[in-house]
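Some notes on the structure that comes next.
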Amino acid sequence: MSSNTKITNSTDSTTVADLLERLLDKGVVISGDIRIRLVEVELLTLEIRLLICSVDKAVEMGLDWWSGNPAFDSRARAALPNADLDLEQRLQRLEAQLNPLL
């Protein structure tokens, strides 16, 4: 008796790591809208967009909101003391101009 059934090995399937790598490399967008209406009057609209991708892919798409943000970028954080000093000097100049008027 011979059997012609093919045995599949676990190596033929996609692993979670492969799936995650493919997902982060290509990216995926999940979107949805929720609308609440009462007698044809729209009370609330929620537009939800979720983007899942790698940091490299996000930068490639121009979604690098973390660069320049002091909470995430050490170079932006280093520039903050200078910005505070500039604001302090500007405030002193404005106060000096207002004192004679008061």
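The values are calculated or read from the model by the stated rules, or taken from the named source; none is laboratory data. Predicted model only: the values in this text are computed from it and were never measured. With ideal geometry, Cβ positions are generated from the backbone for all residues, glycine too; neighbour counts draw on all protein chains shown.
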- prompt: Among the residues of segment 26-55, which ones are surrounded by 10 or more Cβ atoms within 10 Å (Cβ to Cβ) and farther than 19 Å from residue 66 by Cα?
  reply: 26, 28, 35, 36, 37, 45
query: Do you know which residues across segment 6-37 are β-branched (Val, Ile, Thr), in a loop (DSSP other than H, G, I, E, B) and at pLDDT 65 or above?
result: 14, 15
field: Qualifying residues in segment 53-102 (those that are of a type in the set (Ser, Thr, Tyr) and at pLDDT below 85) - the one farthest from residue 19 (Cα to Cα)
entry: 74
